[in-house]
Amino acid sequence: MSKTYKILLLPGDGIGPEILAQARKVLEALSQRFDFSLEFSEALLGGVAIAATGDPCPPETLEAASGCDAILLAAIGDPRYDTVDPDKPRPEEGLLRLRKTLEVYANLRPVRVFAALRDASPLKEERLGDVDLLIVRELCGGLYFGKRERFYDQAGAGTAGAPGQCAYDTMDYQEYEIERIARIAFEQARQRSGKLHSVDKANVLETSRMWREIVHRVAVDYPDVELIDILVDNAAMQLVKNPSQFDVMVTENTFGDILSDEASMLAGSLGMLASASLGDGVGLYEPSHGSAPKMAGLDKANPLATILSAELMLRSSFGENEAADALIAAIEAVLAAGWRTYDIADDATPIEKIVGTAQMGNLVRRSLL
Ligand code: IPM
Ligand code: MG
């Protein structure tokens, strides 16, 4: 009997609906070719959810999320709700609440450089080396979820006596949060090249000193993995200077957010960077890029990060490795044939090889059938 997987689609904002439609197309093609069926449902998250309900992550969305086998999310962020007013809802809050509710604390962001796209990276060929790395980003703690406040300090205490606005965000971590992400990273490193860089700012931050201590304690259970500590500022520099020294990098939430955008350029574009957000329950798969509101509706966005997120879903949530391998091969074939979306094209790309969002989706789909 063939298996049926229930996938919840969250198109979100901006380019979200366009890129998600391509991933769906590709998944449907895979279900025709392989022995599984798919059942799709859709829910609101982000700016679209604020527009419809006033809430960026409505209860119906959380309910739908708990009743599916995996979630594929496209993009969140809408300039209509860009506000500096702390009392107004923001689209991004919806995503953070979803991640926290699902407790998907491990965000895996593989930076895979497709051979055909080596030219698309701003890094020189010899610097790029044989880069292939995985960023393991802690996703449910740190600055993103710490206590924060904005207030007017009438007395001016601690502000050189002058009254004025004050704001703070706190970065806090508990032992178990670091331990569980460290274990995921060591497991990944064990399956890959046996090398793990732990990225922190232990020369300044207390959370980082605790991070380092706990990561080293966990390391005792993984004697086959080489553990290297690196400070985050140095890691940012080394990613550009000598990226192929890295294999698996594990880091806290904010550092991982920043470093993964940086690392995505090794693969040529943020439009190529997929991610899997995993915990003990249902997995959430999301490209690492935003909603690119200026590109929305123009059929210009690169759908490959979302399609590659679907590939991670096939592997991690469904164990459909053969289908996932076929999908990678299809993307490789399309890129090798010279097809490019705008973000990965360059001056040498013939104009007739530059395609829009839907056509890129069609090309991958066709290559699968
Ligand atoms: C990401 C994004 C999100 C984040 C935003 C949209 C809240 O930048 O997934 O990297 O900061 O986590
Ligand atoms: Mg980000």
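Say we join alpha carbon atoms closer than 10 Å with springs in a Gaussian network model of the chain; which of ILE351, ILE181, ILE19 then has the biggest fluctuation?
ILE351
Mind checking which of LEU231, PHE255, TYR285 is farthest towards the positive end of the chain's charge dipole, using Cβ charges of +1 (Lys, Arg) and -1 (Asp, Glu) about the Cα centre?
Positive-end residue among those listed: TYR285.
Can you give the accessible area of LEU205, probe radius 1.4 Å, in Å² rounded to 10?
50 Å²
Between ASP130 and ARG150, what's the calculated FRET efficiency when r is the beta-carbon distance and R0 is 35 Å? Round to 0.05. Let's see the in-between values first.
Details: r = 47 Å, r/R0 = 1.33.
It comes to 0.15.
Where does each of 78-86, 282-290 land if you order them by average Cβ count within 10 Å, highest first?
Working: 78-86: 12.9, 282-290: 24.6.
Descending mean neighbour count gives 282-290, 78-86.
Report, in deg cm²/dmol and to the nearest 500, the calculated mean residue ellipticity at 222 nm for the chain, where each DSSP H run with n ≥ 4 adds -39500 (n - 2.57) and the sum is divided by the residue count. Mind showing how you got there, number by number?
Values: 12 runs with 143 residues, N = 369.
So the calculated ellipticity at 222 nm is -12000 deg cm²/dmol.
Roughly what % of DSSP beta bridges within the chain run antiparallel, to the nearest 5?
Values: 18 of 48 bridges.
Bridges in the chain are about 40 percent antiparallel.
Compute the distance from the alpha-carbon center of the stretch 245-324 to that of the stretch 150-213, in whole Å.
The stretch 245-324 and the stretch 150-213 have Cα centres spaced 23 Å from each other.
Along Cα→Cβ, 7 Å out, is where each label goes; now give me the distance between the ones at ALA162 and PHE36 in nm to one decimal.
Computed distance between label sites ALA162 and PHE36 equals 5.9 nm.
What does the charge dipole of the stretch 264-369 about its Cα centre add up to, to the nearest 20 debye, if the Cβ of each Lys and Arg holds +1 and the Cβ of each Asp and Glu holds -1? Don't jump to the answer; show the numbers that get you there.
Values: 7 positive and 12 negative charges, 59 e Å.
Roughly 280 debye for the stretch 264-369.
Calculate, in whole percent, how much of the Cα-Cα pair population of the stretch 38-175 lies beyond 17 Å. Numbers along the way, then the final one.
On the way: 6931 of 9453 pairs.
When all Cα pairs of the stretch 38-175 are counted, 73 percent exceed 17 Å.
Taking the solvent-accessible surface of protein heavy atoms with a 1.4 Å probe, what is the per residue accessible area of the stretch 264-318 in Å²? If you can, show how the numbers build up before the last one.
Values: 1580 Å² over 55 residues.
Averaged over the residues of the stretch 264-318, the accessible area is 29 Å².
Report in % the part of the accessible area of the chain that belongs to carbon and sulfur, leaving out ligands and nucleic acids; probe 1.4 Å.
Numbers: 8370 of 16160 Å².
Its accessible area is 52 percent carbon and sulfur atoms.
Rank these residues by their accessible area, most exposed first, probe 1.4 Å: THR4, THR170.
Of THR4, THR170, the descending order of accessible area is THR4, THR170.
Less than 13 Å Cβ to Cβ from MET171, Lys/Arg counted +1 and Asp/Glu -1: what total charge do the surrounding residues give? Write down the numbers at each step before the final one.
Values: positive: LYS147, ARG148, LYS201, ARG209; negative: GLU138, ASP169, ASP172, GLU177, ASP200, GLU206, GLU252, ASP257.
Taking every other residue near MET171 into account, the sum is -4.
Which whole-number value in Å² is the accessible area per residue of the stretch 1-138, probe 1.4 Å? Write out the running numbers ahead of the final one.
Values: 6010 Å² over 138 residues.
Accessible area per residue, the stretch 1-138: 44 Å².
Around ALA64, under 11 Å between beta carbons, what's the net of Lys plus Arg minus Asp minus Glu among the other residues?
Numbers: positive: LYS6; negative: GLU42, GLU60, GLU63.
Residues near ALA64 contribute -2 overall.
Can you list, largest first and rounded to whole Å, the semi-axes you get for the chain by taking the square root of 5 times each eigenvalue of its Cα gyration tensor?
Details: eigenvalues 210, 137, 95 Å².
Whole-Å semi-axes of the equivalent ellipsoid: 32, 26, 22.
First select every other residue whose beta carbon is under 13 angstrom from the beta carbon of ALA182; then total the charges, Lys and Arg +1, Asp and Glu -1. Mind dumping the intermediate values first?
On the way: positive: ARG137, ARG180, ARG183, ARG190, ARG212, ARG217; negative: GLU138, GLU175, GLU177, GLU179, GLU187, ASP200, GLU213, ASP221, ASP229, GLU252.
Local charge sum for ALA182: -4.
The values are calculated or read from the model by the stated rules, or taken from the named source; none is laboratory data. This one's a predicted model, so the numbers in the text were calculated from it and none came from an experiment. When we count neighbours, we look across all protein chains shown, and the Cβ atoms used for this are built from the backbone with ideal geometry, even at glycine. Remember, those area values only see protein heavy atoms, side chains included, never the ligands or the DNA or RNA. Shrake-Rupley method; radii C 1.70, N 1.55, O 1.52, S 1.80 Å.
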